[in-house]
Amino acid sequence: MCSRFSAFNIHDAFIKSIISEDNLISYEKSTVFKTSDFYPNQVAPIILSLDNQLVLMPMVWGYPGYINKDKPNVKPRPLINAKSETIDKLHTWKDSVVHRRCIVPTSGFYEWMHLSNKEKIQYKFNDVKQENTYLAGIYKTFSDEKISRFSIVTTQANESMKDVHDRMPLVILESEIDTWLNDDYQSLYNRSEILLNKEPLIKT
C-alpha cells in the first residue's frame, strides 16, 4: 500500500531530457513542483507517452472510490493503488492498464512498520541505483472531471522491504520506462530483483 511519495528531482538528467530548457523555469515556479510530498487526492506531475514523446502532465492521485450504499453520506476513499496480480482482470483497471499506462516520478515512497498497537516507524524507500525512483502507474479521464486521475501499480514486496510491508509499488528502472509505456508491460510485474534503500524517518 503506497499512500505517500516524495517529489522527484527536477534537475535529474532524465527529467531534464523531458522538460525543455524554455519550460524549466516555469515548471520550477509551478505550485505542483513546490510540493515536497504527495498524498491521495493531490495533484502530482506524471510522465506520459504522447505521440511517441515523453511529457509531464498534472493528474490527481486516486481513481474515484465506490460509494457505500449503507453510508451514502460518507465520502469514499480514492483508489490509489492497483494490484498487478489482478489489474488485467478487474473492470476498474483493465482498460486503463491496456491503453493508459504512465510513470509516477518520485525521489522515494513511504511505508510504516507497525511494532505494536501504538508504536510504528516510518521508512522512506528509494531506488539505490537512480537519483529518482520511478513507479508504474495507470490513468483515466472521468467524464465529470477536467483533470485525469492516476493510480500506482503495486506488487508483492521483495527482500528490500518485506520486513516493513507485504506490498510495494511496481518500481520501474529508467531503462524500462519505454517498455512500461509502450511495450510488453506485463514482463515488468516481477520486481524481486529491484534493490531499494531503506531509511527510517525518526521524529525529534
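The figures follow:
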read-out: Condition broken by E145, with the remaining ones in (1) more than 17 Å from F5 (Cα to Cα); (2) at pLDDT 95 or above; (3) not basic (K, R) satisfied; value: (2)
read-out: Extreme residue, surrounded by the most Cβ atoms within 10 Å (Cβ to Cβ), among residues of region 148-204 that are among the basic types (K, R) and in a loop (DSSP other than H, G, I, E, B); value: R191
read-out: Restricting region 110-147 to residues that are among the charged types (D, E, K, R) and in contact with a Ser or Thr (Cβ under 6 Å, 6 or more places away or on another chain), the residue that is surrounded by the fewest Cβ atoms within 10 Å (Cβ to Cβ); value: K140
read-out: Residue list for region 40-74, restricted to those being at pLDDT below 90 and more than 16 Å from I103 (Cβ to Cβ); value: D51, G65, Y66, I67, N68, K69, D70, K71, P72, N73, V74
read-out: Residue in region 76-88 that is touching a Leu at 6+ places or on another chain (Cβ under 7 Å) and either within 27 Å of K124 (Cα to Cα) or buried (at least 16 other Cβ atoms within 10 Å of the Cβ) (or both) present; value: yes
read-out: Criterion: farther than 23 Å from V171 by Cα and either within 13 Å of the chain's Cα centre (by Cα) or not aromatic (F, W, Y) (or both) - qualifying residue of P105, P40, P72; value: P72
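The values are calculated or read from the model by the stated rules, or taken from the named source; none is laboratory data. For clarity, every value in this text was computed on a predicted model and none was experimentally measured. Counting neighbours? That spans all protein chains shown, and the Cβs are built from the backbone with ideal geometry, glycine included.
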